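Quick notes on the structure that follows.
The values are calculated or read from the model by the stated rules, or taken from the named source; none is laboratory data. No experiment lies behind these values; they were computed from the predicted model shown. Using ideal geometry, Cβ is built from the backbone for each residue, glycine included, and neighbour counts are taken over all protein chains shown. Areas reflect the complete protein model, heavy atoms only, side chains present, ligands, DNA and RNA absent. Shrake-Rupley method; radii C 1.70, N 1.55, O 1.52, S 1.80 Å.
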Amino acid sequence: MRPAFPLCLALLAGCASTTPPPPPPAPPSWQAPRPHEGEPQALARWWDRFDDPQLAALVARAQADNPTLAQAVARIAQARAQLTVAGAALSPTLDGNLAASRTSNNFPPPTLTYTAVTSRVDAAWELDLFGGRRAGIAAAQAQADAAAAQWHDARVSLAAEVALNYLSLRACEAQVALDAQNVAAAGQIADLTRRKVEVGFESPANGALAQATLSDTRARAQAQQAECEVVVKALVALTGLEEPALRAQLAARAAQLPQPAGFSIAALPAQVLAQRPDLAVAEQQLRAAAASVDVAQAQRWPKLLLTGAITLGAVRIGGVQDSGANWALGPALTLPLLDGGRRRAEVDAARARLDEALAAWQQRSRAAVREVEEALVRLDAAARREEDARLAAENWQRFVEATQARWELGNANLIELQDARRQRIAAEAALLAVRRERVAAWVQLYKASGGGWDGSLAVGEEAGASRNLAATAAATTAPESNLSKP
């Protein structure tokens with residue numbers, strides 16, 4: 001009985017599975033202030049919660065036909081196929097073979113011609129003594145789950161990218177509208193200055209200053225218009241729409257920033273991080289790496305294979321036929337004796353990949369906390385700055401109007417007026433920028449909070465829903481004239 005004791009120890013050691021390390025601890029609370037005006041509701045399809053149906057339609061269109069999501073779906077299909085391959089390793093294999101031949105032999109005489117027909121069935125089944133095959137299935141399942149989570153992560157990221165580009169376009173259009181007003185105002189001042197120069201009420205230098213200001217304002221307006229064109233090209237690439245059709249769709253709400261609906265952030269960071277599909281990807285990849293260690297470890301132990309075969313044959317020679325059958329059944333044991341340290345090195349490599357996956361998981365967790373904290377800080381800062389920026393823009397507008405009235409009466413010089421106009425332009429641009437920053441912070445917070453992912457929605461269901469919504473939105477979207485500008 002002594003020789004059996006080491007073998008039992010080997011069996012127990014081989015069957016021990018590698019347990020993934022515990023998740024890195026989340027911070028006990030958020031350090032940045034959380035939004036309080038929101039409601040505790042689900043974030044799924046958060047882009048529908050904006051007051052802009054154009055945004056929802058563009059996101060639906062992008063998700064219905066986007067190469068990035070198509071690649072993610074293909075990776076899911078590959079992972080599921082690999083899972084089937086891994087599962088088949090636990091089942092017996094059965095192969096059949098049928099062969100027929102006719103042979104003629106005329107050396108030495110007499111000539112002999114015969115026909116032979118054989119059929120053979122081979123069966124094999126490797127017993128998973130040390131759990132290597134089961135570990136392979138666990139690794140393949142984790143990779144399939146990771147691929148599905150990657151699709152959801154790509155979906156949320158795509159929605160955020162479309163939303164941010166759409167926001168950039170609307171802010172750019174609003175800036176173009178401001179620039180058009182500034183060009184008109186600069187043109188009026190240049191015309192009035194020219195008339196004053198002609199009658200001697202202004203110096204030629206002031207006339208040149210007014211014309212230079214007008215040209216500079218026009219140049220800035222043209223540069224801003226070019227930026228808007230660039231953003232339109234980005235939306236074309238994201239949505240796959242033809243540019244004329246996209247421009248016609250975007251015309252309904254030109255220069256109007258979309259306004260999001262607020263939502264409440266859970267007080268415990270762990271609850272928010274559990275909603276992140278990218279963290280789910282990292283977790284599943286960690287599980288796959290842990291299972292791969294067991295797969296490599298199992299290669300170091302003996303393999304037991306049960307084999308069997310049945311062969312049927314028939315031979316016909318000169319009108320005489322004979323047939324027969326034979327069968328074979330038995331076990332085969334393979335013992336790894338000497339491989340130059342290859343199998344041990346493969347285990348070490350698998351453990352190193354496990355350490356790498358753990359580090360990647362920890363890095364992704366820290367990055368997720370940082371992203372939420374940054375979004376909360378930006379959202380709070382923009383909300384507190386917006387009122388001051390609005391008051392500054394309104395008061396600078398009043399100051400410009402008063403200064404221009406004084407200038408027209410000869411009580412202020414042109415330099416004072418141009419300086420007041422520059423300050424007003426800067427104040428209006430700052431107000432627009434802080435409004436854009438506030439909406440962008442909401443988008444980033446939606447994304448950083450996982451975008452409402454909980455793993456319950458199937459990939460095919462959401463893809464089909466996006467295609468249906470995109471088709472409906474394209475058919476029903478119409479210009480809306482009763483929506484006020486921000």
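Please indicate, with yes or no, whether at least one residue in the stretch 226-248 is modelled with pLDDT of 85 or more and over 23 Å from residue 66 (Cα atoms).
For the stretch 226-248, residues modelled with pLDDT of 85 or more and over 23 Å from residue 66 (Cα atoms): present.
Among the residues of the stretch 389-418, which ones are touching a Leu at 6+ places or on another chain (Cβ under 9 Å) and either open to solvent by less than 30 Å² (accessible area, probe 1.4 Å) or not in a helix (DSSP H, G or I) (or both)?
Answer for the stretch 389-418, where residues must be touching a Leu at 6+ places or on another chain (Cβ under 9 Å) and either open to solvent by less than 30 Å² (accessible area, probe 1.4 Å) or not in a helix (DSSP H, G or I) (or both): 389, 393, 400, 403, 407, 414, 418.
Condition check: in a helix (DSSP H, G or I), open to solvent by 70 Å² or more (accessible area, probe 1.4 Å), β-branched (Val, Ile, Thr) and in contact (Cβ under 8 Å) with a residue 40 or more places away in the chain. Does residue 377 satisfy that?
It is true that residue 377 is in a helix (DSSP H, G or I), open to solvent by 70 Å² or more (accessible area, probe 1.4 Å), β-branched (Val, Ile, Thr) and in contact (Cβ under 8 Å) with a residue 40 or more places away in the chain.
Here are some residues: 421, 344. Which one is in a helix (DSSP H, G or I), buried (at least 16 other Cβ atoms within 10 Å of the Cβ) and of a type in the set (D, E, K, R)?
So the residue among 421, 344 that is in a helix (DSSP H, G or I), buried (at least 16 other Cβ atoms within 10 Å of the Cβ) and of a type in the set (D, E, K, R) is 421.
Filter the stretch 359-368 down to the residues that are hydrophobic (A, V, I, L, M, F, W, C) and open to solvent by 40 Å² or more (accessible area, probe 1.4 Å), then identify the one that is farthest from residue 279 (Cα to Cα).
Among residues in the stretch 359-368 that are hydrophobic (A, V, I, L, M, F, W, C) and open to solvent by 40 Å² or more (accessible area, probe 1.4 Å), the one farthest from residue 279 (Cα to Cα) is 359.
Within the stretch 431-460, which residues are at pLDDT 85 or above and open to solvent by 50 Å² or more (accessible area, probe 1.4 Å)?
Filtering the stretch 431-460 for residues at pLDDT 85 or above gives 431-448.
Correct list: 433, 435, 436, 437, 444, 447.
Could you grab me the full set of residues in the stretch 61-100 that are part of a helix (DSSP H, G or I) and β-branched (Val, Ile, Thr)?
If the condition is that a residue be part of a helix (DSSP H, G or I) and β-branched (Val, Ile, Thr), then 68, 73, 76, 84, 85 are the ones that fit.
State all residues of the stretch 166-208 that are surrounded by fewer than 16 Cβ atoms within 10 Å (Cβ to Cβ), at negative phi and not in a helix (DSSP H, G or I); if no residue qualifies, say none.
Across the stretch 166-208, the qualifying residues are 201, 203.
Quick one: residue 275 ticks every box in (1) in contact with an Asp or Glu (Cβ under 7 Å, 6 or more places away or on another chain); (2) farther than 23 Å from residue 358 by Cα; (3) not basic (Lys, Arg) bar one, so which box is it?
(2)
Are any of the residues in the stretch 271-294 of a type in the set (S, T, N, Q), at pLDDT 85 or above and closer than 30 Å to residue 445 by Cβ? Break it down stepwise before answering.
Looking only at the stretch 271-294, we keep the residues that are of a type in the set (S, T, N, Q), and these are 271, 275, 284-285, 292.
Filter once more, keeping what is at pLDDT 85 or above: 284-285, 292.
Going one step further and asking which of them are closer than 30 Å to residue 445 by Cβ, we end up with 284-285.
Looking for residues that are of a type in the set (S, T, N, Q), at pLDDT 85 or above and closer than 30 Å to residue 445 by Cβ, one finds at least one in the stretch 271-294, hence yes.
Which residue pairs have Cβ atoms closer than 6 Å, lie 6 or more positions apart in sequence or on different chains, and pair a first residue in the stretch 243-265 that is more than 16 Å from residue 51 (Cβ to Cβ) with a second residue that is at pLDDT 90 or above and part of a helix (DSSP H, G or I)?
From residues that are more than 16 Å from residue 51 (Cβ to Cβ), the pairs are 243/236; 246/236.
Restricting to the stretch 307-340, give me the number of residues that are farther than 16 Å from residue 118 by Cα and either in a strand (DSSP E or B) or within 41 Å of the chain's Cα centre (by Cα) (or both). Quick ask: steps written out before the conclusion?
Pass one, the stretch 307-340, residues farther than 16 Å from residue 118 by Cα: 307-308, 318-320, 329-340.
This time we only want the ones that are either in a strand (DSSP E or B) or within 41 Å of the chain's Cα centre (by Cα) (or both), so: 307-308, 320, 329-334.
Matching residues across the stretch 307-340 total 9.
Name the residues in the stretch 49-60 that are open to solvent by 10 Å² or more (accessible area, probe 1.4 Å), under 16 Å from residue 156 (Cβ atoms) and in a helix (DSSP H, G or I), would you?
Hits for the stretch 49-60 are 49, 56.
Name the residue, out of 356, 371, 386, that is open to solvent by 90 Å² or more (accessible area, probe 1.4 Å), at pLDDT 85 or above and within 32 Å of the chain's Cα centre (by Cα).
Only one candidate qualifies: 356.
Results for (1) out of contact with any Leu (no Cβ under 7 Å at 6 or more places or on another chain); (2) among the β-branched types (Val, Ile, Thr); (3) farther than 30 Å from residue 149 by Cβ, shown as yes or no for each residue.
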position	(1), (2), (3)
269	yes, no, no
286	no, no, no
295	yes, yes, no
341	yes, no, yes
351	yes, no, no
